[in-house]
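Asks: Quick one: the structure is below, and I'll ask about it shortly.
Just so you know, all these numbers are worked out from the coordinates, no wet-lab data involved. None of the values given here were measured: they were computed from a predicted structure. Cβ placement follows ideal geometry from the backbone for every residue including glycine, while neighbour counts extend to all protein chains displayed.
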Amino acid sequence: MNRNIKILLASMIYIIGLIAAVYVGGWIMILKPIRGTITAYTVGTLTLPQLIVAIVKCICSTTVAGFIWCLGYIASNSVYDSRDEL
């Protein structure tokens, strides 16, 4: 495969991994639980298990986002690694 195509494909895979990490780690695991917790508190239906789940999601979000980013990084490096050209 052509070098430029490999670089383009690797960049696209990396960007997809980065966007997926921000979406899952940022939106699904941080903002959505906080938003749900605030809504439940405002309505008056907030329970302790719901609060604990939201706290655990917020704490684990950086680990999950980092894992997804690492998968994208590894996949992009498997397509194109600049060390192979030496």
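Asks: Fully extended, how many nm does the chain gain between residue 41 and residue 83 (0.36 nm per residue separation, minus their Cα-Cα distance)?
Replies: 9.8 nm
Asks: Also, quick follow-up: At each listed q (0.19, 0.21 Å⁻¹), what is the log10 of I(q)/I(0) that the Debye formula gives for the chain modelled as equal alpha-carbon point scatterers?
Replies: -0.80, -0.89
Asks: Same structure again: Can you give the extra length, in nm with one decimal, that the chain gains between residue 67 and residue 11 once fully stretched, where that is 0.36 nm per residue apart less the Cα-Cα distance? List each step's numbers first, then the result.
Replies: Working: separation 56, 0.36 × 56 = 20.16 nm, distance 1.80 nm.
Separation in residues times 0.36 nm, less the Cα-Cα distance, equals 18.4 nm.
Asks: Rounded to the nearest 20 Debye, what is the dipole magnitude of the chain about its Cα centre when Lys and Arg each give +1 and Asp and Glu each give -1 at the C-beta?
Replies: That gives the chain a dipole magnitude of about 220 debye.
Asks: Using just the helices of the chain, give the 222 nm mean residue ellipticity in deg cm²/dmol: DSSP H runs with n ≥ 4 each add -39,500 (n - 2.57), and the total is spread over all residues, rounded to 500. Please report the intermediate quantities before stating the final value.
Replies: Working: 3 runs with 63 residues, N = 86.
Roughly -25500 deg cm²/dmol at 222 nm, from the helical runs in the chain.
Asks: Within the chain, which complete DSSP H helices have Cα atoms spanning at least 15 Å along the helix axis and a mean Kyte-Doolittle hydropathy of 0.5 or higher?
Replies: 3-21, 48-79
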